[in-house]
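The values are calculated or read from the model by the stated rules, or taken from the named source; none is laboratory data. Owing to the predicted nature of the structure, the values given are computational and were not obtained by experimental measurement. When we count neighbours, we look across all protein chains shown, and the Cβ atoms used for this are built from the backbone with ideal geometry, even at glycine. In case anyone asks, the SASA skips ligands and DNA or RNA and just uses the protein heavy atoms, side chains included. Shrake-Rupley method; radii C 1.70, N 1.55, O 1.52, S 1.80 Å.
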Amino acid sequence: MRLLLVEDDVRLSQALVEIFQKNRYGVDTVYDGNEGLKYAQSGIYDAIILNDMLPGTDGLSLLKTLRDEKNMVPVMLLSEKDGVADIVRGLDSGADDYMSKPFNTDELLARLRALTRRKGAIREECVTCGDVILNKNNCELQNAAGEAVKLSLKEFQIIDLFFEQPRQIIKKERFIEKIWGGDSDAEYNNVEVYISFIRKKMEQLNVKTTIRTARGIGYSLEECV
């Protein structure tokens, strides 16, 4: 899952990035509203954490633009204002949730999980494709016999994307956008390396489900009979 964090407080932004990454979220950060709008319009994010007061385009104007464009990505609004009128204004502007600063990070993560769950981006903790199981709770791939292999963060993010779209070809560009970020200098060989790592771990589990290569396009997770 990939998040966009639009927050002009650099120290807070850096702290939140560390927290999100520890909780297996990919995250891109921008520090002003103009850049935030460009990133948000890319359509690659599962949720946006947005400060209401930003240099350039302010957060509420950014949010209104997205909703006018029928972009319904879940948005968590962060604000130093905690008055009822401010909260109502933020929610009426199109935010899905609102948190006042300072906030508890455990509550922020819980609200974020609820936000993305409503969108359908987070499913059950264990998902299956053919004879392989992805345990999202502990970042493991398992076979039907209960044998498991641990996944690195990048491996987990890649295989999770496969499980969201089983039997569909996912382009290499999509992996780079979702896992490394839109402004990353990652190249196709970065994707290829991690796909190779995942294949080896699936081989260790001796499962029939496999990652197929669509030459020149991307990859798909397929159940083999």
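Restricting attention to the stretch 129-155, report how many residues are modelled with pLDDT under 90 and not in a loop (DSSP other than H, G, I, E, B).
Count: 3.
Report, by residue number, each residue of the stretch 63-92 that is over 20 Å from the mean Cα position of the chain (by Cα), open to solvent by less than 10 Å² (accessible area, probe 1.4 Å) and under 19 Å from Asp9 (Cα atoms).
Once the filter is applied, which keeps residues that are over 20 Å from the mean Cα position of the chain (by Cα), open to solvent by less than 10 Å² (accessible area, probe 1.4 Å) and under 19 Å from Asp9 (Cα atoms), the stretch 63-92 yields only Ser79.
Quick check on the stretch 93-128: of everything there that is within 10 Å of Pro74 (Cβ to Cβ) and loosely packed, with under 13 Cβ neighbours inside 10 Å, which residue is modelled with the lowest pLDDT?
Checked the stretch 93-128; the qualifying residue modelled with the lowest pLDDT is Arg118.
If I filter the stretch 92-99 for residues that are under 29 Å from Leu161 (Cβ atoms) and touching a residue at least 60 places away in the same chain (Cβ under 8 Å), do I get at least one hit?
If we filter the stretch 92-99 for residues that are under 29 Å from Leu161 (Cβ atoms), which is where we start, we get 94-97, 99.
This time we only want the ones that are touching a residue at least 60 places away in the same chain (Cβ under 8 Å), so: none.
No, the conditions are met nowhere in the stretch 92-99.
Just to check your reading of the model, which residue among Leu50, Leu16, Leu12 is more than 25 Å from Lys136 (Cβ to Cβ) and either in a helix (DSSP H, G or I) or open to solvent by 30 Å² or more (accessible area, probe 1.4 Å) (or both)? Write out each step before concluding.
On the way: Leu50 fails: either in a helix (DSSP H, G or I) or open to solvent by 30 Å² or more (accessible area, probe 1.4 Å) (or both); Leu16 fails: more than 25 Å from Lys136 (Cβ to Cβ).
After ruling out the rest, the residue left standing is Leu12.
Would it be correct to say that Asn189 is modelled with pLDDT of 85 or more, surrounded by fewer than 15 Cβ atoms within 10 Å (Cβ to Cβ), out of contact with any Leu (no Cβ under 8 Å at 6 or more places or on another chain) and farther than 22 Å from Lys208 by Cα?
Values: modelled with pLDDT of 85 or more: yes; surrounded by fewer than 15 Cβ atoms within 10 Å (Cβ to Cβ): yes; out of contact with any Leu (no Cβ under 8 Å at 6 or more places or on another chain): yes; farther than 22 Å from Lys208 by Cα: yes.
Spelling it out, Asn189 is indeed modelled with pLDDT of 85 or more, surrounded by fewer than 15 Cβ atoms within 10 Å (Cβ to Cβ), out of contact with any Leu (no Cβ under 8 Å at 6 or more places or on another chain) and farther than 22 Å from Lys208 by Cα.
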